[in-house]
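A short worksheet on the structure shown next.
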Amino acid sequence: MDIFAHRGVSINYPENTMAAFQAASKLPIAGIELDVHLTADKEVVVIHDETINRTSNGSGYVKDFTLQQLRTFDFGSWFSPEFGDETIPTLGEVLELFAGTNHRINIELKTDIISYEGIEALVLKEVAAQQMTERVIISSFNHESLQTVSKIAPYIESAALFAEVLVDFTSYIALIPAKALHVSLPTSFRKSVKLALAEGATVRVYTVNDQRDARYLQQLGIQAIFTDDPEKILQALN
Ligand code: G3P
Ligand code: MG
């Protein structure tokens, strides 16, 4: 079963920062997951929330700042003072970091609250520029966003995120169309997910930080998990 570092190695480093991704790039894991939003000047930046309030020393919406303005904030001290030099990364910077590794990059489009007109095309352009099309997975809770991705780049691996249970995941993702389903840990225990696996679906589960859960999901035949603590999960599975 593959392991993806969720927002980088976010157990030991501030989430979605270069420090968290650098740590992940050194681990023998399948890949990383990151979240993207769009700035006022249409730069794709890596951050989980719509606002910078929780993970920086500033406040306000990402969409209202230019990249240059966002760069003035400290995105590490909220986690620990030693990370005071961390700034908000662009998607391009993170892709570049992984240019020399074989890690997969799961880019989660955070378009479920703010739609960020055009973000799908901008993300795909950066992925193509870095020649990482084969290594990328594009996911979103906003399945309309995935439809846009599929229209622009039908060849790219896309994944529908679910916090809830559907009785027929396989038929639903075929409608989008998306290639995989990413389900929450509680959802992964439901019989609909077992059915999807039996039907040949690719299923990845977020966010798995417990070693027993990881072992159970491996036995279930889940293809990958997202974890904040990849080293702990590596130990559990080896
Ligand atoms: O992509 C998996 C997971 O990251 C989805 O939830 O809120 O952690 O972005 P969230
Ligand atoms: Mg995410």
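The values are calculated or read from the model by the stated rules, or taken from the named source; none is laboratory data. Note that the structure is predicted; figures quoted are calculated from it, not measured. All Cβ positions, even for glycine, are placed from backbone atoms using ideal geometry, and neighbour counts span all protein chains on display. For accessibility, only protein heavy atoms count, side chains too; no ligands or nucleic acids. Shrake-Rupley method; radii C 1.70, N 1.55, O 1.52, S 1.80 Å.
Any residue that is charged (D, E, K, R), on the phi < 0 side of the Ramachandran plot and surrounded by 17 or more Cβ atoms within 10 Å (Cβ to Cβ) - is there at least one of those in segment 153-165?
Checked segment 153-165: at least one residue is charged (D, E, K, R), on the phi < 0 side of the Ramachandran plot and surrounded by 17 or more Cβ atoms within 10 Å (Cβ to Cβ).
If we keep just the residues of segment 18-41 that are part of a loop (DSSP other than H, G, I, E, B), open to solvent by 10 Å² or more (accessible area, probe 1.4 Å) and in contact with a Leu (Cβ under 8 Å, 6 or more places away or on another chain), which is nearest to ligand 1 (Cβ to nearest atom)?
Only one residue tops the list, namely 29.
State all residues of segment 96-113 that are among the hydrophobic types (A, V, I, L, M, F, W, C) and surrounded by 15 or more Cβ atoms within 10 Å (Cβ to Cβ); if no residue qualifies, say none.
Scanning segment 96-113 gives 97, 98, 105, 107, 109.
Having 3 or more residues that are under 22 Å from residue 21 (Cβ atoms) is the bar; report the strands (runs of 3 or more DSSP E) wholly within segment 107-198 that clear it.
136-140, 157-162
Quick grid of which residues meet (1) over 15 Å from the mean Cα position of the chain (by Cα); (2) away from ligand 2 (no atom under 15 Å from the Cβ); (3) without any contact (Cβ under 8 Å) to a residue 40 or more places away in the chain:
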| site | (1), (2), (3) |
| --- | --- |
| 18 | no, yes, no |
| 47 | no, no, no |
| 79 | yes, yes, no |
| 83 | yes, yes, no |
| 86 | yes, yes, no |
| 90 | no, yes, no |
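Please specify each residue of segment 175-220 satisfying the condition of being free of Cβ contacts under 8 Å to residues at least 12 places away in the same chain and within 14 Å of residue 164 (Cα to Cα).
Residues satisfying the conditions are 186, 189, 191.
So residue 22 ticks every box in (1) free of Cβ contacts under 8 Å to residues at least 60 places away in the same chain; (2) more than 24 Å from residue 158 (Cβ to Cβ); (3) polar (S, T, N, Q) but one. Which box is left unticked?
(1)
For segment 206-230, which positions are within 11 Å of ligand 1 (Cβ to nearest atom) and closer than 14 Å to residue 11 by Cα?
Within segment 206-230, 207, 208, 226, 227, 228 qualify.
So which of 90, 72 ends up being over 23 Å from residue 185 (Cβ atoms), surrounded by 19 or more Cβ atoms within 10 Å (Cβ to Cβ) and polar (S, T, N, Q)?
Just one listed residue meets the conditions, 90.
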